[in-house]
1. As a check on your grasp of the helix formula, calculate [θ] at 222 nm for the chain: sum -39500 (n - 2.57) over DSSP H runs of n ≥ 4, divide by the residue count, round to the nearest 500.
2. Carbon and sulfur: what percent of the chain's accessible surface (1.4 Å probe)?
3. Using a 7 Å offset from the Cα along the Cα-to-Cβ direction at both GLN48 and ASP24, what is the distance between the two label points in nm, to one decimal?
4. Rank these residues by their accessible area, most exposed first, probe 1.4 Å: SER34, SER80, SER66.
5. Step by step: find N for segment 16-102, compute 2.2 N^0.38 Å, then divide the Cα radius of gyration by it. What's the final number?
6. Could you tell me the calculated FRET efficiency between ARG181 and SER80, based on Cβ-Cβ distance and R0 = 25 angstrom, to the nearest 0.05?
7. Can you work out ³J(HN,Hα) from phi for every residue in segment 51-68, in order, using Karplus 6.51 cos²θ - 1.76 cosθ + 1.60 and θ = phi - 60°, giving whole Hz and x for Gly and Pro?
8. Let me cross-check THR35: its accessible surface, 1.4 Å probe, with only protein heavy atoms counted, in Å² to the nearest 10?
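The values are calculated or read from the model by the stated rules, or taken from the named source; none is laboratory data. Source: prediction; values computed, not measured. With ideal geometry, Cβ positions are generated from the backbone for all residues, glycine too; neighbour counts draw on all protein chains shown. Side chains included, ligands, DNA and RNA excluded: accessible areas come from the protein's heavy atoms. Shrake-Rupley method; radii C 1.70, N 1.55, O 1.52, S 1.80 Å.
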Amino acid sequence: MEKIAVTANLGRMASLQFFDVLADKAGLIRTYGSTLDGLLPAETTLVQDSLAFAEEVQGLEIMRHSWRTYYFGMLLGAYSGYEVDREILFCSAILHDVGLAAGREEEPCACCFTVQGAERTFKHLIGKGQDRAKVRQIADAIGLHLNGYVSARRHGAEAHLLSRGAMCDVFNMGKKRLTPRILKEISALYPKQDLADALEVWPGHHLEGSRADLFIKLTHNKQGRGASKPDALLHG
């Protein structure tokens with residue numbers, strides 16, 4: 001049932017992207033842009049602790065992906081008119097792949113990296129004395145982000161936009177809604193290089209039946225048996 005739900009979510013996202021492409025070709029889509037500095041969260045201790053932890057354990061490519069995910073989430077949220085808690089979205093975005101970072105307790109073949117990332121984030125931030133309710137919200141968003149689509153009504157705007165931001169960066173879903181200028185600016189600051197290897201997108205590497213495993217198999221099968229890395233992960 002979970003596989004069916006994730007596949008349906010991916011279909012929903014693909015449909016949204018299809019209509020965005022049609023609207024763009026017809027000249028009907030409105031695009032959104034902003035200044036990146038204006039999208040930053042306040043420098044609270046929660047933001048500082050999250051960023052410091054991310055920089056300590058995550059490699060350069062995952063850090064760049066995390067920053068892009070935050071900005072894409074914020075921009076797509078503004079496009080759709082969401083009221084967003086920047087502190088929660090930033091902390092969720094900057095740590096959403098910490099389950100793949102250095103010092104992890106389990107490998108992706110033994111435990112879904114989003115689950116491990118959520119638990120790792122929760123333990124670290126609680127250990128720093130951060131507010132339990134906020135940390136739980138961050139951890140929940142991290143645990144949900146690989147669902148393909150996350151309902152804002154059920155899980156909050158921040159969890160929804162974390163997923164949308166990640167899907168935008170990895171699969172380009174939603175980029176038609178953003179101005180070329182802002183896309184170019186984000187790419188210049190946080191260029192995408194070998195994201196597939198950074199996210200360990202290798203067939204058979206992730207826990208059998210997990211969402212990551214399903215994503216890889218769907219993309220791998222779509223491109224044919226000879227493909228080893230999804231092209232969408234390699235190009236911005």
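1. Working: 12 runs with 145 residues, N = 236.
Mean residue ellipticity, 222 nm, calculated: -19000 deg cm²/dmol.
2. Values: 5980 of 11140 Å².
Percent of accessible area from carbon and sulfur atoms in the chain: 54.
3. Taking the two extended label points, one gets 4.0 nm.
4. On the way: SER34 25, SER80 65, SER66 0 Å².
Sorted descending by solvent-accessible area, the residues read SER80, SER34, SER66.
5. 1.27
6. It comes to 0.80.
7. Ordered by residue, 3J(HN,Hα) equals 5, 4, 5, 4, 5, 6, 10, 9, x, 4, 5, 5, 4, 4, 4, 5, 5, 4 Hz.
8. Solvent-accessible area, nearest 10 Å²: 90 Å².
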